[in-house]
Amino acid sequence: MDAKIIIAIDGYAACGKSTTAKMVAQHLHYNYIDSGAMYRAVTLFFIQQKINYQQEIPQIEEILSQINIHFGYNAALQKSETFLNEVNVENEIRKMYVSEQVSPISAIPAIRKAMVTQQQKLGQAKGIVMDGRDIGTHVFPEAELKIFMTADMHIRALRRQKELEERKEIGTLEQIIKNLEERDYQDTHRKENPLKQAQDAYLLDNTQLSFEEQCQFILQLAEEKIRQKQQLSYIQN
Ligand code: C5P
């Protein structure tokens, strides 16, 4: 049996991390975990419950105990979907009003701690691809393969606009660029595990790459890492 590795894909907002990670996972028969969806689900809960996160929240542990997030596989659509307290919120969490509040909420230390614990549990069995902002630096610093994705802002905004349109949501390019810039700024400047490239991560700028080319870039590296791990386990046994 092939050795299983952890693939961590981090990077800026709307660089195509999730679509790429999903394809890589499918190709390797690995599980794909969208860590951003977890922070989005927490944000949705905060919005629904009208929790004021601008000030200190003394009852944060109590709030977190009311939040249950899990992923369920939708066989008809052949994709994993996000559930918040047993309700399918996959579409809702992708909406602009959630994107606009997710970064400050994700910066709250107690929330990060709870999400990271859950993400590390999900990765225990290896054979996973997880995308996010702090996967290679904090969640799985020992991941065998780390990718840091970036792309030109205009290209990213156009891709995000297309995604929104497909879901019948309207967003002007200016609105989208503003949101992406704000999120990148907050994600790279927060105190707790800010977004940054891990020292041992491969940089992948996909501005000029096709989707197939970027998947190929990751898959080649993944196959090499799997081979190395396999060889190591032969030597050790
Ligand atoms: O990946 P996505 O763009 O859906 O993530 C939404 C937001 O969740 C990010 O802008 C960031 O604020 C937060 N996030 C995070 N750490 C992660 C994944 C996402 O802080 N590992």
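Annotations for the structure displayed:
- Part-to-part distance (alpha-carbon centres) for the range 163-237 and the range 20-88, which is given in Å: 19 Å
- Only one residue of 91, 222, 18 has its Cα farthest out toward the positive end of the dipole of the chain, where Lys and Arg carry +1 and Asp and Glu -1 on Cβ, and that residue is 222.
- Between residue 186 and residue 220, the C-beta separation translates, for a Förster distance of 25 Å, into a calculated FRET efficiency of about 0.15.
- Separation of the residue 76 and residue 178 label points, Cα + 7 Å toward Cβ, nm: 3.7 nm
- Remark: relative contact order (the range 60-108) = 22 percent; criterion is Cα-Cα distance under 8 angstrom and separation of 6 or more residues.
- Residues of the range 169-207 falling in the label zone of residue 228, defined by backbone nitrogen less than 12 Å from a point 7 Å along Cα to beta-carbon, are 200-202.
- Rounded to the nearest 20, the size of the Cβ-charge dipole of the range 19-111 about its Cα centre is 320 debye, with Lys and Arg at +1 and Asp and Glu at -1.
- Distance between the pseudo-spin-label points of residue 101 and residue 59 (7 Å out from Cα toward the beta carbon): 1.6 nm.
- Computed from label points 7 Å out along Cα-Cβ, the spacing between residue 52 and residue 1 is 5.3 nm.
- Axis of helix 153-166 versus longest Cα principal axis of the chain: the two differ by about 70°, to the nearest ten degrees.
- Counted without the sites themselves, the longest stretch of the chain free of trypsin sites (Lys or Arg not before Pro) in a DSSP loop having at most 13 other beta carbon atoms within 10 Å is 51-166.
- Placing a label point 7 Å from the Cα of residue 117 along the Cα-to-Cβ direction, the residues of the range 40-68 whose backbone N falls under 15 Å from that point are 60-68.
- For the chain, excluding the exposed loop sites themselves (GluC sites (Glu not before Pro), DSSP loop, at most 11 other Cβ atoms within 10 Å), the longest remaining stretch covers 143-237.
- Taking Cα centre as origin and charging only the Cβ of basic (Lys, Arg, +1) and acidic (Asp, Glu, -1) residues, the dipole magnitude of the range 6-236 rounds to 220 debye.
- With contacts taken as Cα pairs under 8 Å and at least 6 residues apart, the range 11-166 reaches a relative contact order of 37 percent.
- Charge dipole of the range 6-236 about the Cα centre (unit charges at C-beta), most positive-ward option of 101, 137, 185: 137
- Judged by the ratio a/c of the largest to the smallest principal axis of the C-alpha gyration tensor, the range 58-161 counts as rounded, that ratio being less than 1.5.
- Only helical runs count toward this figure. For the chain, summing -39,500 (n - 2.57) over DSSP H runs of n ≥ 4 and dividing by all residues gives -15500 deg cm²/dmol at 222 nm.
- Å² per residue, accessible surface of the chain at 1.4 Å: 54 Å²
- Dipole axis of the range 6-236 (+1 Lys, Arg; -1 Asp, Glu on Cβ), positive-most option in 158, 118, 82: 118
- Cα convex hull of the chain, projected area averaged across orientations, nm²: 13.7 nm²
- Candidate cross-link partners of residue 79 among the aspartates and glutamates, defined by an alpha-carbon separation under 14 Å and a same-chain spacing of 8 or more, comprise 34, 90.
- Carbon and sulfur %, accessible surface of the range 6-236 computed with the full protein complex present, 1.4 Å: 51 percent
- Principal-axis tilt of helix 96-106 within the chain, Cα atoms, nearest 10 degrees: 70 degrees
The values are calculated or read from the model by the stated rules, or taken from the named source; none is laboratory data. Note that the structure is a prediction, hence the values are computed from the model and not measured. Glycine also receives a Cβ, built like all others from the backbone with ideal geometry; neighbour counts cover every protein chain displayed. Ligands, DNA and RNA are excluded from the accessible area calculation, which covers all protein heavy atoms including side chains. Shrake-Rupley method; radii C 1.70, N 1.55, O 1.52, S 1.80 Å.
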